[in-house]
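One structure is given here, and the rest of the page talks about it.
Nothing in this text is a laboratory measurement; each read-out follows from the coordinates by a stated rule. On a predicted model such as this, the values are computed, not experimentally measured, just so you know. No Cβ is skipped: glycine too gets one built from the backbone with ideal geometry, and neighbour counts run over all protein chains shown.
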Amino acid sequence: MNNERMYQIIRYPHISEKTARLQADSNQYVFEVLKDADKAQIRQAVEGLFEVNVEEVRVVNVKGKRKSFRFRSGRQRDWKKAYVRLRAGQVIEDLQAD
């Protein structure tokens, strides 16, 4: 898999209090990923981009919320989230929570 495709699959890390806790407790990282990416492609992309060994990948489809602004209703987009667990002792340096 080429670098460009890997960057398309892994869109960006999802940063929140929950993901920081997962990162510290169970060595899991959370990414927003391409909607049509499967677990094998996500595993390949994370291993290729960050040079780590992935133990497990779990995927969640997140429904967009309904929002209204100035009497206009709308909807946020749907997206896909991947929980990636690394092997013990491995970290992704750029995504470390302080």
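Global dimensions of the stretch 1-86 from alpha-carbon coordinates: Rg and Dmax equal 14.7, 49 Å. Distance between the pseudo-spin-label points of Ser26 and Arg77 (7 Å out from Cα toward the beta carbon): 2.8 nm. For the stretch 61-76, the Karplus equation 6.51 cos²θ - 1.76 cosθ + 1.60, evaluated at θ = phi - 60°, returns couplings of 8, 9, 7, x, 7, 7, 10, 10, 9, 6, 6, 10, 9, x, 8, 6 Hz by residue, with Gly and Pro reported as x.
The calculated Kirkwood hydrodynamic radius for the stretch 44-98 is 14.0 Å, given to one decimal from all distinct C-alpha pairs. In this structure the amide hydrogen of Glu55, modeled in the peptide plane, comes within under 5 Å of the amide hydrogens of Arg85, Leu86, Arg87, none closer than 5 places in sequence on its chain. Counting only residues at least eight positions apart within a chain, or on another chain, the aspartates and glutamates with an alpha carbon under 12 Å from that of Lys81 are Glu32, Asp36, Asp38.
Each Lys and Arg contributes +1 and each Asp and Glu -1, all at the Cβ; summed about the Cα centre of the chain, the dipole is approximately 1060 debye. The relative contact order of the chain comes to 31 percent, based on Cα pairs under 8 Å that sit 6 or more residues apart.
Charge tally around Tyr83: other residues with Cβ under 14 Å, Lys/Arg +1 each, Asp/Glu -1 each, net +4. Taking the Cα atoms only, what angle lies between the long axis of helix 17-26 and the longest principal axis of the chain, rounded to 10 degrees? Between helix and principal axis, roughly 20 degrees.
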